[in-house]
Amino acid sequence: MSSSSTRTESRPPEPPEPPEPPEHVLVGVVLRPHGLKGEVVVEIHSDREERFAPGAELDLVDRTGARRQVRVVRSGPAPTGRRVAFEGFGDRDAAESLRQARLEVARERVPAAPAGQYYEFELIGCRCVDRRDGEVGEVVGLIDSAAGPLVEVARPGGGKVLLPFVDKFLVRVDPAARILEWQLPEGLIEACASRS
């Protein structure tokens, strides 16, 4: 008597596709009203001063997620960013409604970064791979440290790891393909991992 069995080969699951870069890029966050004439203090997330010059147009995303276009009518320095007034917001109550709103621009309005430099929005969501250890995780943030820039990576099984974003260890940085590739010293990933 003979029996036959079927064997199925099991393959490791493919890593999920990382998300596409965002359609809009954060350039500022409204912190609080300033004074009585509708001005707000904005925390700046852009190195282009003209983003907040009078006449500039920005997308404002309020706390509910509603998006609308606003035009800057006045702008000046503030200790924690810039003092900005938007058309149509003429008093403190109107300014109060903008608290914690995000200020964004369409991605196509952001010029290409200089060679060898990258915007944060280009790196967030990229897959991270090490030549020795394979899949490391997905970029969730960037940190400036005294030792140099670090990429915060969410591990597939939980926890995070900080990887050095320096030429010495980077093999490939390809935001278009949504991948960062490293050749890290043995044991560095485990040494820098966090379980929280």
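The values are calculated or read from the model by the stated rules, or taken from the named source; none is laboratory data. Given the structure is predicted, the values throughout are model-derived calculations rather than measurements. Neighbour counts are summed over all protein chains in view; Cβ atoms, including those assigned to glycine, are modelled from backbone coordinates with ideal geometry.
Those residues that are surrounded by 12 or more Cβ atoms within 10 Å (Cβ to Cβ) and basic (K, R), I need them from the stretch 140-174; list them, please.
R155, K160, R172 - these are the residues of the stretch 140-174 that are surrounded by 12 or more Cβ atoms within 10 Å (Cβ to Cβ) and basic (K, R).
When you scan the stretch 141-156, how many residues do you find that are at pLDDT below 85 and in a strand (DSSP E or B)? Break it down into steps so the answer makes sense when it comes.
Of the residues in the stretch 141-156, the ones at pLDDT below 85 are 144-148.
The next check asks that each one be in a strand (DSSP E or B); those that pass are 144-145, 148.
Of the residues in the stretch 141-156, 3 are at pLDDT below 85 and in a strand (DSSP E or B).
Is one or more of the residues making up the stretch 102-123 in contact with a strand residue (DSSP E or B) (Cβ under 7 Å, 6 or more places away or on another chain), more than 26 Å from I179 (Cβ to Cβ), assigned to a loop (DSSP other than H, G, I, E, B) and not assigned by TED's automatic domain parsing to the domain that holds P175? Before the answer, list the steps.
The first filter runs over the stretch 102-123 and keeps only residues in contact with a strand residue (DSSP E or B) (Cβ under 7 Å, 6 or more places away or on another chain), leaving 102-107, 110, 118, 120-121, 123.
This time we only want the ones that are more than 26 Å from I179 (Cβ to Cβ), so: 102-103.
Checking the rest, the ones that are also assigned to a loop (DSSP other than H, G, I, E, B) come to none.
No, the conditions are met nowhere in the stretch 102-123.
For the stretch 93-111, check the following and say yes or no: at least one residue is modelled with pLDDT of 90 or more and at positive phi.
Looking through the stretch 93-111, at least one residue is modelled with pLDDT of 90 or more and at positive phi.
Does R178 satisfy being over 22 Å from H45 (Cβ atoms) and surrounded by 12 or more Cβ atoms within 10 Å (Cβ to Cβ)? Full working, then the answer.
Numbers: over 22 Å from H45 (Cβ atoms): no; surrounded by 12 or more Cβ atoms within 10 Å (Cβ to Cβ): yes.
When the stated conditions are applied, R178 does not pass them.
Being modelled with pLDDT under 90, polar (S, T, N, Q), within 30 Å of A154 (Cα to Cα) and within 21 Å of the chain's Cα centre (by Cα) narrows it down to one residue among S46, S10; which is it?
Numbers: S10 fails: within 21 Å of the chain's Cα centre (by Cα).
Criteria check complete, one pass: S46.
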